[in-house]
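Beneath this line is the structure, given in structure tokens, with notes to follow.
No lab work stands behind these numbers, since they all come straight from the coordinates. These numbers come from a predicted model, not from an experiment. Counting neighbours? That spans all protein chains shown, and the Cβs are built from the backbone with ideal geometry, glycine included.
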């Protein structure tokens, strides 16, 4: 059965509401701009939460805009920088599914088309409203005959489209939920990466904090193997908010605790701690999901560093108390989680592999004994998998291998790599 993906634009494909942003451009010199901004925001939110009809909301916002074509040009430039992070990360998905992806929005083609077509989305698959201009290029209205300008417009449009197959809806607003309510789509995914509207989320089939999560659940091609929102980042001690903001932007599930408790550590994939709050070597032995520790200060002991290494856990610390460690530590953690880079680690061998977007990256951490690399390559050879890049570095305790391979392998390959003797940790990165 064919699959189709109906994706909203405002606060879904992009991080912002475009008409709200247009108002901030067109009214920036207006003496009463703050009050007008609030009125426009109120119209937007009331409609998205199902408290006001879309037609009333649209009419109210258009009357307040005072915008023209030059303002639209500025808006487009702005919106191209505001595409949602997880959509940008998965741009290859749109290339692979050009015939199945539809942008359906109550926004306007004049600013949507220039943004989304850069992601290989077909112009003919973009459904939105259109502005009406006067002879001086001022926006004076919209086409009222377009179903998307009307209440229940997305439902009306989808009935006209008559797509035959499995249809998934992704959006943040009430009009997106209406597609599910009408029975026209199989599942509605409330997209909460940018904003969570509780009245919408509670009615969704699934809440998806990122596009990675949507792709993961539906077993579709994606840029990362495991959504960040499913990885718990345990925070213990005095950690600067600027550092935590970087982790939040990546989508990690941040969990604050007063102390490092074994139970919470066992669930964490990332640990951020200060010098006064560090795990014991014994705690690390049971932290099977923990991949990386970012320590804001000096690691407590060599024994702790070695215990982490033996358990396949990389540590980044800042023994010199660099005033920019709020930036240094999260960047190192993110580079390791996203690309496998170990540069500046205090317990892993140094490796800075270039990113290969045309391959899948696998990481194998093992006890430093002879013959492991040969066994890894034998698995790939036996399954006729082409290696496009491979890197091995070692220290006294471990071997660290990154292998970039072409697509086209099954779970059996992954299971065989995990089963190699002396394997400590294995993961598919992207």
Proxy reagent accessibility, fewest Cβ within 10 Å first, across 88, 423: 88, 423
One can check that the equivalent ellipsoid of region 228-339, built from the alpha-carbon gyration tensor with semi-axes equal to the square roots of five times its eigenvalues, has lengths in Å, largest first, of 18, 16, 13
Reduced to Cα centres, the span from region 79-134 to region 258-299 in Å works out to 42
So the angle from the long Cα axis of helix 54-65 to the longest Cα principal axis of the chain, reported in degrees to the nearest 10, equals 90
Region 354-430-region 221-255 distance, computed between alpha-carbon centres (Å): 26
Only Cα pairs within less than 10 Å get springs; with that Gaussian network setup on the chain, which residue of 160, 352, 100 has the largest fluctuation? 160
Distance in nm between pseudo-label sites at residue 225 and residue 282 (7 Å out along the Cβ direction from Cα): 3.2
Would you list 398, 260, 140, 293 from fewest to most Cβ contacts within 10 Å? 140, 260, 398, 293
Using the alpha-carbon centroid of each, what span in Å lies between region 333-351 and region 1-69? 42
Candidates 132, 200, 235: whichever shows maximal mean-square fluctuation once the chain is modelled as a Gaussian network with Cα springs under 10 Å: 132
So what's the angle, to the nearest 10 degrees on a 0 to 90 scale, between helix 325-339 and the longest Cα principal axis of the chain? 90
Report, for the chain, the % of DSSP beta bridges that are antiparallel, rounded to 5. 40
222 nm mean residue ellipticity, helices alone, for the chain (DSSP H n ≥ 4; -39,500 (n - 2.57); rounded to 500): -10500 deg cm²/dmol
So what are the three principal axis dimensions of region 68-200 from its Cα atoms, in whole Å, longest to shortest? 45, 34, 31
For region 322-396, how big is the tail of P(r) above 22 Å, as a whole percent of Cα pairs? 35
I need to check one value: relative contact order of region 360-428, counting alpha carbon pairs closer than 8 Å and at least 6 residues apart, in percent. 49
To the nearest 0.05, the calculated FRET efficiency linking residue 407 and residue 123 through their beta-carbon distance, R0 being 22 Å, is 0.15
Residue of 212, 99, 32 that the Gaussian network model of the chain assigns the largest fluctuation, springs spanning Cα pairs under 10 Å: 32
Fewest to most Cβ atoms within 10 Å: 96, 158, 64 sort as 96, 64, 158
Would you kindly state how much longer the chain becomes between residue 181 and residue 132 on full extension, computed as 0.36 nm times their sequence separation minus their alpha carbon distance, in nm to one decimal? 14.5 nm
For the chain, what does the relative contact order come out to in percent, with C-alpha contacts under 8 Å and a separation of six or more? 11
If you consider only alpha-carbon coordinates, what radius of gyration and Dmax does the chain have, in Å? 24.9, 77
